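Peer 1: Below you will find the structure I want to go over with you.
Taken together, the values in this text are just the output of simple stated rules run on the coordinates, not laboratory data. What you see is a predicted model, and the numbers here were worked out from it, not measured in a lab. Glycine also receives a Cβ, built like all others from the backbone with ideal geometry; neighbour counts cover every protein chain displayed.
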Amino acid sequence: MNPIDYNKYTATVIVWLLLLTMPFWLPAIGGYSELGTRVVVLGLAAMSLNFLLGYTGVLSFGHAAYFGLGAYGVGLTIRYLVPSTGVGIVAGTLIGTIAGAIIGPMIVRLRGVYFAMVTIAFGQVFFFIAFRWHSVTGGDDGLTDWSRMPINLGFTTIDIQHDARAFYYLVLVVFAIAVGAMAWILRSPFGRTLIAIRENERRARFLGIPVDQHIWIAWTISCCFVSVAGALYALLNNFVDPRALYWTQSGDFVIMAVLGGMRSFWGPLLGAAIFVVLQDYLSSQTQNWMSFVGLFFVLVVLFFPRGVLGIIKRKVAS
Amino acid sequence: MSLLRVENVSKQFGSLIAVNGVSMNVEPGELRAVIGPNGAGKTTFFNLISGFLTPTAGRVTFDNEDITHMLPARRVWKGIARTFQITEVFPELSVRENLRVPVEVAAGHRLSPWLSADDDGEIRARVTDLMDMSGLADKADRLVGELSHGDQRATEIMMALALKPRLLLLDEPTAGMGDQETYDIAQLIRKLHKDQSLTIVLIEHDMRVVFHLADRIMVLAEGAMLAEGTPKEIAANETVQAAYLGKAAA
């Protein structure tokens, strides 16, 4: 194994060990189970965004839309249709993915800031629907009167409703499937065409890669996994409100990805952890917590453009 | 039967006519050079063939199929590959990875979520062949962005070749190269042309390369065709000498 592969392998093992044992050591350093779950859920959202940003080279500023659709999908399903956590997650994911797949062809011809602007615009459409359609979504008050349901496996029932640790591990299983799928895709021939597009779109086009089509597929995959994250987020809170769809939420995902390191597979997860912990700690100290996160973000972008994980990588390499 | 037929193509940008009614037929196995002073419209003419631009008038036919308005990626699938005047590679990927992308596309795997062990083996073997052919084997795992200009050019040519094209378009393959690098690239092109009887159209400023390699030469000046013929005919053509060669040779 060459040193780079070895480092990547070590990093992956460390990440999984930390995630698997998190409920046991997190309380010891002042955290709590929900905090760990939030890191994993938002980490998945940021990693999904980064599938597009870091590996295809396309910046979406509207991923909250699909995150929020996943969240409303699970909430509405459990409240109005089927009181099942599993069915809810699938429904939320499908809604987010289908919305992404339909909107995709309208935006994939755009590049750079134009792409980002149009993704915001489409995102706001969903925000206003959720905001205005009070009778179904609860409007500004959010969607209440539902909660995650125990998971019945036939031989046993997992009480994710009251056991925060059990819920954490459910989230981790879903996270593992989603992240495993993304890693798989990135190592495939299709994944290499995405990296090719990021590296040099013109060259990719003239190597016979229909760039718009490939970006559309990458976008849809990214929307799929961010809506999985959204569904888990709603289950975590037993609640959804339109802020999950708002463009500032999209901005948070971008901050997490860039903060952690968008050229690294695990970078956005680290970014999400830093973001969530800072938010948790600072918001108990001051209302203006976001200005501190912002300052930290600016410093990282200015001095360490490859993110926090980029710094760690450099330390390990030297 | 011509492999490539370009009939009376023109390209106009606003009031500027970059290419004005140019025609060209390229036979299978031929190596055609396109020469002309700066601003003669050579690269624009190339872009019309590869699909980077579409002509405002005229027709482009490849293997008896009208490709005038076909998308670039589709033209690649038909068998037209190109390089660019300013090297276009994937700078942050290794030589091996740069070559692997077109090899996979050519093998029909661009959308594959996975490869069988057999397919993977074949692709690796093909990438190795391409590196051996061009002397890039010892730089296989270096990032292309860190290589010398000449090696980057060679990588780009091999990427185009990885597509198994029936027509290879090379836009100034030796631009910005020293004597040794120019010689190496010229030998590589000659080998591709002779050994694999690959049809090649190239734009080139270095007249030694052009007269060494080309079967036929087309001369463009101010967007229009000035002359066309064998290297001997072009060397003897007085209009060409006046417009171009005279200045270049002096």
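Peer 1: In terms of Cα to Cα distance under 19 Å, which aspartates and glutamates are near enough to B:LYS11, apart from those fewer than 8 places away along the same chain?
Peer 2: Of all the aspartates and glutamates, those that pass the test against B:LYS11 - Cα under 19 Å, at least 8 places apart if same chain - are B:ASP66, B:ASP171, B:GLU222.
Peer 1: I've got another one for you. Relative to 2.2 N^0.38 Å, what does the C-alpha radius of gyration of the protein assembly as shown come to as a ratio? Two decimals please.
Peer 2: Details: Rg = 28.4 Å, N = 568, 2.2 N^0.38 = 24.5 Å.
Against the compact-globule rule of thumb, the ratio is 1.16.
Peer 1: I've got another one for you. Could you check how many percent of all C-alpha pairs in chain A are farther apart than 32 Å? Show your work: numbers first, answer last.
Peer 2: Details: 12887 of 50403 pairs.
Here the long-distance tail beyond 32 Å is 26 percent of all Cα pairs in chain A.
Peer 1: Apply the Karplus curve 6.51 cos²θ - 1.76 cosθ + 1.60, θ = phi - 60°, to the phi angles in region A:101-106 and return the couplings in whole Hz, x for Gly and Pro.
Peer 2: Along region A:101-106, the couplings run 5, 6, 6, x, x, 7 Hz.
Peer 1: Tell me the chymotrypsin sites (Phe, Trp or Tyr not before Pro) within region A:221-271 that lie in a loop according to DSSP and have at most 16 other beta-carbon atoms within 10 Å. Show your work: numbers first, answer last.
Peer 2: Working: sites: A:PHE225, A:TYR233, A:PHE239, A:TYR246, A:TRP247, A:PHE253, A:PHE265, A:TRP266; in loops: A:PHE239, A:TYR246, A:PHE265, A:TRP266.
Counting only loop positions with at most 16 other Cβ atoms within 10 Å, none of the chymotrypsin sites (Phe, Trp or Tyr not before Pro) in region A:221-271 qualifies.
Peer 1: Could you give each residue of region A:269-286 its phi-based ³J(HN,Hα) in whole Hz, using Karplus coefficients 6.51, -1.76, 1.60 with θ = phi - 60°, and x for Gly or Pro?
Peer 2: After applying 6.51 cos²θ - 1.76 cosθ + 1.60, I find 5, 4, x, 5, 4, 4, 4, 5, 5, 4, 4, 5, 6, 5, 5, 7, 9, 8 Hz.
Peer 1: Once each part is reduced to its C-alpha centroid, what is the distance from region A:155-209 to region A:81-154 in angstrom?
Peer 2: Measuring centre to centre over Cα atoms gives 19 Å.
Peer 1: For a quick check, take a GNM of chain B with Cα springs below 10 Å and name the residue from B:ASN98, B:ASN38, B:ASN47 with the largest mean-square fluctuation.
Peer 2: Top of the fluctuation ranking is B:ASN38.
Peer 1: What's the Kirkwood radius of region B:136-250 in Å, using all Cα pairs? Each step should come with its number before you reach the end.
Peer 2: Numbers: mean 1/r = 0.0644 Å⁻¹.
About 15.5 Å, per the Kirkwood formula over Cα pairs.
Peer 1: Please list the radius of gyration and Dmax for chain B, considering alpha-carbon atoms only, with Å as the unit.
Peer 2: Rg then Dmax for chain B, in Å: 18.3, 60.
Peer 1: State, to one decimal in nm², a quarter of the convex hull surface area for the C-alpha atoms of region B:88-163, i.e. the direction-averaged projected area.
Peer 2: Numbers: hull surface 18.8 nm².
If you wrap the Cα atoms of region B:88-163 in a convex hull and average its projections, you get 4.7 nm².
Peer 1: Right, next: Which residue, B:GLN85, B:GLN12, B:GLN187, has the most motion in a Gaussian network model of chain B that connects Cα atoms within less than 10 Å?
Peer 2: B:GLN12
Peer 1: If each residue's Cβ is checked for other Cβ atoms within 10 Å, how do A:SER318, B:SER94, B:SER116 rank with the fewest at the top? Let's see the in-between values first.
Peer 2: Numbers: A:SER318 5, B:SER94 19, B:SER116 9.
Lowest to highest Cβ neighbour count: A:SER318, B:SER116, B:SER94.
Peer 1: Rg and Dmax in Å for region A:227-274, alpha carbons only: what are they?
Peer 2: 11.7, 33
Peer 1: Additional query: In whole Hz, with x marking every Gly and Pro, tabulate ³J(HN,Hα) for region A:174-180 from phi via Karplus 6.51 cos²θ - 1.76 cosθ + 1.60, θ = phi - 60°.
Peer 2: 4, 4, 4, 5, 5, 5, x
Peer 1: Further, regarding this structure: For chain A, modelled as a Gaussian network with Cα springs under 10 Å, which listed residue fluctuates most, A:VAL74, A:VAL228, A:VAL118?
Peer 2: Result for chain A, Cα springs under 10 Å: A:VAL118 fluctuates most.
Peer 1: Given 25 °C and 0.890 mPa s, compute D for region A:1-135 with the Stokes-Einstein relation, Rh being the Kirkwood radius over Cα pairs; round to the nearest whole µm²/s.
Peer 2: Values: Rh = 17.5 Å.
The estimated diffusion coefficient comes to 140 µm²/s.
Peer 1: While we're looking at this one, here's another question. Can you list residues from other chains, or at least 5 along the same chain, whose modelled amide H is less than 5 Å from the amide H of A:VAL58?
Peer 2: It is A:LEU53, by chain and number.
Peer 1: In addition: For region B:1-138, what is the Kirkwood estimate of the hydrodynamic radius, computed as the reciprocal of the mean inverse distance between distinct Cα atoms, to one decimal in Å? Don't jump to the answer; show the numbers that get you there.
Peer 2: Working: mean 1/r = 0.0579 Å⁻¹.
Computed over region B:1-138, the radius equals 17.3 Å.
Peer 1: Another question, then. Taking the beta-carbon count within 10 Å as an exposure proxy, list B:ASP63, A:ASP141 from fewest neighbours to most. Intermediate values should be presented prior to the final figure.
Peer 2: Numbers: B:ASP63 16, A:ASP141 11.
In increasing order of surrounding Cβ atoms, one gets A:ASP141, B:ASP63.
Peer 1: Can I ask one more? Under 20 Å Cα-Cα from A:LYS315, which lysines qualify once same-chain neighbours fewer than 8 residues away are excluded?
Peer 2: Within reach: A:LYS8.
Peer 1: Given the Cα atoms of region A:187-318, and with Rh set as the inverse mean 1/r over their pairs in the Kirkwood sense, what is Rg to Rh to two decimals? Could the numbers behind the result be given before it?
Peer 2: Values: Rg = 17.5 Å, Rh = 17.0 Å.
My calculation puts Rg/Rh at 1.03.
Peer 1: Let me ask something additional. If the reach is capped at under 12 angstrom between alpha carbons, list the aspartates and glutamates near B:LYS164, excluding any in the same chain fewer than eight residues apart.
Peer 2: Leaving aside aspartates and glutamates fewer than 8 places away in the same chain, those within reach of B:LYS164 are B:GLU104.
Peer 1: Mind pulling up the Rg/Rh value for region A:116-246? Radius of gyration and Kirkwood radius, both on Cα. Walk me through the intermediate numbers first.
Peer 2: Details: Rg = 19.2 Å, Rh = 17.7 Å.
Value, to two decimals: 1.09.
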